[in-house]
1. Select, from A:LEU77, A:LEU37, A:LEU20, A:LEU10, the only residue that is surrounded by 22 or more Cβ atoms within 10 Å (Cβ to Cβ), in contact (Cβ under 8 Å) with a residue 24 or more places away in the chain and not polar (S, T, N, Q).
2. Restrict the check to the stretch A:43-57 and report whether at least one residue is closer than 26 Å to B:ALA29 by Cβ, outside any helix (DSSP H, G or I) and in contact with a helix residue (DSSP H, G or I) (Cβ under 7 Å, 6 or more places away or on another chain).
3. Select the helices (runs of 4 or more DSSP H) contained entirely in the stretch B:1-106, then report the ones holding at least 1 residues which are modelled with pLDDT of 80 or more and surrounded by fewer than 14 Cβ atoms within 10 Å (Cβ to Cβ).
4. Can we say A:ILE81 is within 24 Å of B:THR58 (Cα to Cα), of a type in the set (A, V, I, L, M) and in contact with a helix residue (DSSP H, G or I) (Cβ under 6 Å, 6 or more places away or on another chain)?
5. Give the stretch B:127-139 a look and list any residue that's surrounded by 14 or more Cβ atoms within 10 Å (Cβ to Cβ) and more than 7 Å from chain A (Cβ to nearest Cβ), or say none.
6. Out of all the residues in the stretch A:11-31, which are facing chain B (nearest Cβ under 7 Å) and in a helix (DSSP H, G or I)?
Amino acid sequence: MVPLSYYLVLSGILFACGVLGFLIKRNIITIFMSIELMLNGVNLSFVAFAAQWHALSGQVFVFFVMVVAAAEAAVGLAIVIAVYRTRETLNVDQVNLLKL
Amino acid sequence: MAGAVNLLVQSHPINSALSLIVVMGSLAAEYLLLGAEFLAAIQVIVYAGAIMVLFLITIMLLNAGKEERTKGSRVAILIGVPGVIIASVLVAWTLVGRTSTTHLVSIGALWGAPKDIARLLFHDFLLPFEVTSVLILIAIMGAVVLASRPEAIARPHRSRPVPQETCELVVTGKDR
């Protein structure tokens, strides 16, 4: 038996690591990885609550979150490739114009 | 958690991606402990398989090197690190104080069988499931359009004109 709060604290720490990476990283690919880390932290809390209340709806919601994360990763990395093709850089500080 | 911290301190994107795979694998083990066996399998297949391969291919395609420090990133470190640490400690203190005595989660209950999830997914959540398929279709089309070269979209059928240098080379070759 593991208390529910341990899972929630781990989930919060993962989310905090994701926020931290989003703030301090300057490589755009690593920023995307931080977003994935945040989504995973939220997923862990969903599964923990689903196991707590014996409700499968939480797991179905995690399934949908994973689908949206996959779509977001595909579109986001395509945008990264398009930006790199026009700017020749991956640093987000140097990408400061919206026009190509 | 060590993998998550490693993701932050590594400066090379490849190392960050590999430590993110470690995080995904340990989260899959956590899901298995919480009884969500279907989600553990999906986590390994979709996240650690598909999404991370996508990340690694992009890193290799763009030849991403070490990131360089700028003025903005130093400001972000100075503001971000204490703020996030304070926020996470606050959340942890609140949660441990509130719930550790009453609620318990049993390990190995094996509740999330694929049969139950499929019944829930195709009966109660049928409309979101279908909407998700439309979302994936739009995402595929957007990724293809964004990642393809702009002239390939603009002029799909016109043949590429012969460059001027090639013509000159051919002419000089005939002269010799």
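The values are calculated or read from the model by the stated rules, or taken from the named source; none is laboratory data. Since we're looking at a predicted model, the values are computed, not measured. Ideal geometry is used to build each Cβ from the backbone, glycine not excepted, and the neighbour counts take in all protein chains shown.
1. A:LEU77
2. Yes, the stretch A:43-57 contains at least one residue that is closer than 26 Å to B:ALA29 by Cβ, outside any helix (DSSP H, G or I) and in contact with a helix residue (DSSP H, G or I) (Cβ under 7 Å, 6 or more places away or on another chain).
3. Per the criteria, B:13-33, B:52-62, B:71-99.
4. The answer is yes for A:ILE81.
5. B:PHE129
6. A:GLY12, A:ILE13, A:LEU14, A:ALA16, A:CYS17, A:VAL19, A:LEU20, A:GLY21, A:LEU23, A:ILE24, A:ILE29, A:THR30
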